[in-house]
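Values quoted throughout were computed directly from the atomic coordinates according to the rules given, and no laboratory measurement underlies them. None of the values given here were measured: they were computed from a predicted structure. Heads up, the Cβs are rebuilt from the backbone with ideal geometry, glycines too, and the neighbour counts pull from every protein chain shown.
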Amino acid sequence: MTAVEPGPEKSSQALGTSLFWLCAAGILLIAVGLRLPMLASRPLWLDETYSAWFSALPLRELWSEVPAYETHPPLYYSLLKGWRFFFGPSEAGLRSFSVLASVTTVFLLSISGRLLRVGATGEAVSLIAGLLLAVNAGSIKYAQEARPYALETLAVTCALVASAGFVSAFGRHVVRPRAAVWAMALALSGGLLLWSHNTALFVAFGIWCALGVAILVSGSIHRGRMFALACLAGIGALLIWAPFLPWFIRQSQSFGAMRFWITPMPYDLASAWVLAGGGLGPAALALLLAGAGALALWQRHRPLLAGLCVVLVLPLSLVLTLSFLMKPIYLDRLFGWMAPPLMLLAACGIVCVFKSPPIRFVVCCVVLAASLRMVTQDYAAVPTEDFRALSTELTARARPGDIVIAIPNELNVAFDYYGSASRSPPVIYLPGPFPYLAQAGSRSHVGNLGAPQVIAGDVADLDERLAGYSRIWLVTRRSDLYDPDSLALTAVARMGRLAEELAFGLVKARLFERSPP
């Protein structure tokens, strides 16, 4: 959504074709260079091993059975399945798909001023916004994860650019032929957005509300036609998403009965802005600049300002309200898509408030330095969980007569990725291998419908199942959620003494040794 200085199309060349594309290419290289470090060296965390597990399934199962227990649409996993066919299932191979989506987003934001033909000032804004996004720590973080967030951000950015193009195609008294093209682009990008994540419906609703507000304040005499085309684009996006709608309704009903692990906290009111800004320090600078940019846009382009404000505030407000008053669903990572529009507003502040090029350069350098500091801190951060190290340790220390008890059963997907079937001890997952599909209402679920909590019946026959094994490894992740009564720990502790306890971030491994008979 970039438009600051609408005018005749010839003004869009004011920066010069060679200079503009040289700057865009340089920003793209910066984005790529900052998203490649740690891509292979950092182990996959649990949700990423889910991506590896699902993307290895047959497409028939992925589209017909998986939605019964996995809450996210299968599109991302299907695309990742095709990607890994060419680039392999390694950490870097799986994550490189998100890198591609992220750098494409940076490039699209950088060139949006040229695509929308908004003149020299608009092109400068889009290039600076692309540069800020290229070094944004939050954007880089999710570009390096094998999860759908980078794809969702790309879809949101495409939809925002299409929305801006759509509004700009309707002048006060003229209608340009590109209006229908922008409407089709909006429908396609909206459909992709809805398929990218199970909470994307909130985002899509915010985008169309933002478009409606922008149309209202546009001053065009063609507002009726604009509303009609915008509604058709929305219907088109819903039709693209329609095949998943029955699953979405069933999942929403099931989710309402789940015991989710999230607890709303006061910091949640600010955490999405911190993530979108690239960390606490950079976010503070970005928000100050965005405020200045909003004041400048109030004078120059009110439809754009109205649209950006609605899309940045409405979806977040809806999710926070739902989380605090009804069902906790808020996670800051759901709002990484806010980074491109926030960086655009910050870039407007830099370009429109600081008229002197040297001062603009200094301000940009300050923001870039703060952002790069956060990026280097993220590079140096210790993984929150290390299944690679856990698997290596278990394989190296395994003896004949060893067995592993794993809770929750979703550790199955991590062990499947990192485990070595020929050298690792056998594993018992409680209550059973993932996905464990219990009858509705018979189990309490925490994260998804394939990973229930442990109940007393799951450990009742452990003595029999562990007969003949001299050493027991109890591996747990968030047992406070999946085994809050410590049923498994109590049962295993009765069978032998605790010999050793190891920690791999959130994952704990306890070794119990049985006394010889």
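Listing 64, 168, 110 from the residue with the fewest other Cβ atoms within 10 Å to the one with the most, what is the order?
64, 168, 110
Please arrange 181, 413, 404 by counting, for each residue, the other beta carbons lying within 10 Å of its beta carbon, fewest first.
Arranged by neighbour count, lowest to highest, 181, 413, 404 become 181, 404, 413.
With the Cα gyration tensor of the stretch 242-375 in hand, convert its eigenvalues to equivalent ellipsoid semi-axes via √(5λ) and list them largest first in whole Å.
For the stretch 242-375, the ellipsoid semi-axes come out as 34, 18, 12 Å.
Using R₀ = 56 Å, calculate the FRET efficiency as 1/(1 + (r/R₀)^6) where r is the Cβ-Cβ separation of residue 280 and residue 467; round to 0.05.
According to the calculation, E is roughly 0.55.
Using only DSSP helix segments of four residues or longer, with each worth -39500 (n - 2.57), what per-residue ellipticity at 222 nm results for the chain after dividing by its residue count and rounding to 500?
-19500 deg cm²/dmol
To make sure I understand, if each residue's beta carbon is the centre and we count other beta carbons within 10 Å, what order do 427, 454, 203, 366 fall in, fewest to most?
366, 427, 454, 203
Measuring from label point to label point, each 7 Å out along Cα→Cβ, what is the residue 184 to residue 384 span in nm?
Result for the modelled spin labels: 4.2 nm.
Considering only the stretch 387-513, what is the antiparallel percent among its DSSP beta bridges, to the nearest 5?
Percentage antiparallel, nearest 5: 60.
For the pair residue 250 and residue 325, what calculated FRET efficiency results from E = 1/(1 + (r/R0)^6), where r is the Cβ-Cβ distance and R0 = 22 Å, to the nearest 0.05?
Calculated transfer efficiency: 0.40.
Karplus couplings for the stretch 479-491 from phi (6.51 cos²θ - 1.76 cosθ + 1.60, θ = phi - 60°), rounded to Hz, Gly and Pro as x?
Taking θ as phi minus 60°, the curve returns 5, 5, 9, 9, 9, x, 8, 6, 5, 5, 4, 5, 5 Hz for the stretch 479-491.
Under 19 Å from a point 7 Å along the Cα-to-Cβ line of residue 25: which residues of the stretch 90-112 have their amide N that close?
What the label zone holds, given the 19 Å backbone N cut-off, is 103-112.
Please work out the Kirkwood hydrodynamic radius for the chain, using every pair of different C-alpha atoms, and report it in angstroms with one decimal place.
So the Kirkwood estimate lands at 24.7 Å.
Give a residue-ordered list of calculated ³J(HN,Hα) values for the stretch 497-509 (Karplus: 6.51 cos²θ - 1.76 cosθ + 1.60, θ = phi - 60°; whole Hz; x for Gly, Pro).
8, 6, 9, 6, 9, 10, 10, 10, x, 5, 9, 10, 10
Of the DSSP beta bridges with both residues in the chain, give the percent that are antiparallel, rounding to the nearest 5.
Looking only at bridges with both residues in the chain, the antiparallel portion is about 65 percent.
Using DSSP to define loop residues, name the trypsin sites (Lys or Arg not before Pro) in the stretch 121-207 whose beta-carbon has at most 10 other beta-carbon atoms within 10 Å.
172
Applying 1/(1 + (r/R0)^6) with R0 = 25 Å to the Cβ-Cβ distance of residue 239 and residue 313, what FRET efficiency is obtained, to the nearest 0.05?
Using R0 = 25 Å, I get an efficiency of 0.35.
Please go through the stretch 214-283 and write out the chymotrypsin sites (Phe, Trp or Tyr not before Pro) that DSSP classes as loop and that have at most 13 other C-beta atoms within 10 Å.
261, 267
Zone of residue 444 (label point 7 Å along Cα→Cβ, backbone N under 18 Å): which residues in the stretch 286-330?
327-329
Loop only by DSSP, 15 or fewer other Cβ within 10 Å of the Cβ. Give me the GluC sites (Glu not before Pro) in the stretch 60-113 that pass, ordered by residue number.
Hits after loop and neighbour filter: 65.
With helices defined as uninterrupted DSSP H runs, which ones in the chain have an alpha carbon span along their own long axis of at least 30 Å and mean Kyte-Doolittle hydropathy of at least -1.0?
Helices meeting the span and hydropathy rule in the chain are 91-116, 302-325, 357-380.
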